[in-house]
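The values are calculated or read from the model by the stated rules, or taken from the named source; none is laboratory data. Small disclaimer: the values here were computed from a predicted structure and weren't measured. FYI the Cβ positions are ideal-geometry reconstructions off the backbone, even for glycines, and counts take in every protein chain you see.
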Amino acid sequence: MQLVLNPGMIGCAMDETILSELENIEALDRMYRARLLRFVAYSTGDMDLAETVVQDCLLKAYNGRESFRGECSVYTWLVHIAGNLVRDHQRTRKFQFWRKVQKMGPDLSELTGVIPSGGSSPETQLLARERAQQVSSALEGLSENQRSVFVMRFVDEMELQEICQATGMQISTVKTHLHRAVKAVRQKVGGSA
Amino acid sequence: MMEAGNKLQDSNGVEHLTDEQFTELLIGARVASVQAHLKVCAQCREEAERVSGAIGDFAEQSLLWAERRVEERPAREMERKPTWAWLLHPQVWVAGAMATALAVGIGMTLHRDHTQPAQQAAATAQSDAAKTQAANAQPIVAKVQAEAKVGSATLKADNALLTAIDGELRADETTPASLYGLEATSYTTGTKSVKRTSN
């Protein structure tokens, strides 16, 4: 899959589709759970936390759907809620000194045999998997903010303005995080920097 | 590739995209200088395609991973369960029964441990008291017997003294008989014989 380098701006108008998404919790879950799980899992590197946060996030969004003003996309709103929940959980965990310290990030090796062929040869699939793992390992060396911003921009394909809305960061800060993340990925994948 | 200031140069001294320019390219900003460079530099073009392709692979595979994860672990119930729902789990009842049995067992053990020493203490106290009583009993009896002996002798002596005093008093007593010249010859209880004395 080739990354789209110049996507258009996403409209944030409140319409019937958005309203129906928020009114039906099953639809909300079906549409956003996997994306949110990917975002939180790769941002935090903690699978247990990711599953808890995604569950809480969807429930919170559904219960608080009246407060959604339609100024951004539902996904941006969900990412904002998830980000706050991650911070809350991490703050709480600071005091759980008995908790076993472990990082259980997503493991792309689990994807063996899951990658759809799409007509590509086994060699191409293997190459694609290796490149994906290189990106994953490059992300491991980044800070949580850098990973979050990278995943939002390049994986979830959110616009910079949406990232600002979701994280509350200035655009210059977002760009700085992106720059550092891209540099790390370039060093790992590009092999020229 | 080496970094010279903000510029990246390869071993031949050819300039390539900096990290900032590379980021701008990936973000999708259409910077004229970057676009111009890409037109002439196959190396940067190839690198940009390789990195953006890798990121695309990562995005695709990570989404597949997340979707599979969601399928494997379906969402927990989104609606809040009723507060008594935990009672429906058999584990709760088993745990409750075990906790009760444990509490009763501990209680009985503690009770037994608590009563046995008390009973032993009571028995010990009783035997000690009996021994003390037995030990104290003999001196008391002897003391009482001695006191009894002393008491009877004293009683006799006291009685004798009282009789003597009484006799003395009667002797000095001015009776109507003596006032009228009568002499009391005897003074016995109940009857009195009086002999007239001559004046």
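Residue-wise test of (1) in contact (Cβ under 8 Å) with a residue 12 or more places away in the chain; (2) closer than 17 Å to residue A:37 by Cβ.
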position	(1), (2)
A:54	yes, yes
A:58	yes, yes
A:62	yes, yes
A:68	yes, no
A:78	yes, yes
A:83	yes, yes
A:92	no, no
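Say we look at the stretch A:33-67 and pick out the residues that are small (Gly, Ala, Ser) and assigned to a loop (DSSP other than H, G, I, E, B); which of these is farthest from residue B:63 (Cα to Cα)?
If we take residues in the stretch A:33-67 being small (Gly, Ala, Ser) and assigned to a loop (DSSP other than H, G, I, E, B), then A:64 is farthest from residue B:63 (Cα to Cα).
Checking the conditions here, which among B:4, B:29 is out of contact with any Asp or Glu (no Cβ under 7 Å at 6 or more places or on another chain), at pLDDT below 90 and closer than 20 Å to residue A:149 by Cβ?
Just one listed residue meets the conditions, B:29.
State which residue is surrounded by the most Cβ atoms within 10 Å (Cβ to Cβ) when the search covers only the stretch B:48-71 and only residues that are in contact (Cβ under 8 Å) with a residue 12 or more places away in the chain and facing chain A (nearest Cβ under 7 Å).
Looking at residues that are in contact (Cβ under 8 Å) with a residue 12 or more places away in the chain and facing chain A (nearest Cβ under 7 Å), I get B:51.
Could you grab me the full set of residues in the stretch A:172-186 that are out of contact with any Ser or Thr (no Cβ under 9 Å at 6 or more places or on another chain) and away from every other protein chain (no Cβ under 11 Å)?
Listed by number, the list holds a single entry, A:172.
What number goes with the only condition from (1) more than 11 Å from chain B (Cβ to nearest Cβ); (2) crowded, with 21+ Cβ neighbours inside 10 Å; (3) not aliphatic (A, V, I, L, M) that residue A:65 does not pass?
All conditions pass for residue A:65, except number (2).
Since residue A:166 meets every condition but one in (1) crowded, with 20+ Cβ neighbours inside 10 Å; (2) within 12 Å of chain B (Cβ to nearest Cβ), which condition does it not meet?
Failed condition: (2).
May I ask you to list the residues in the stretch A:134-158 that are more than 9 Å from chain B (Cβ to nearest Cβ), surrounded by fewer than 23 Cβ atoms within 10 Å (Cβ to Cβ) and not in a helix (DSSP H, G or I)?
A:141, A:142, A:143
Hey, residue A:128 hits all of (1) under 15 Å from the mean Cα position of the chain (by Cα); (2) within 7 Å of chain B (Cβ to nearest Cβ); (3) modelled with pLDDT of 80 or more but one; which does it fall short on?
(1)
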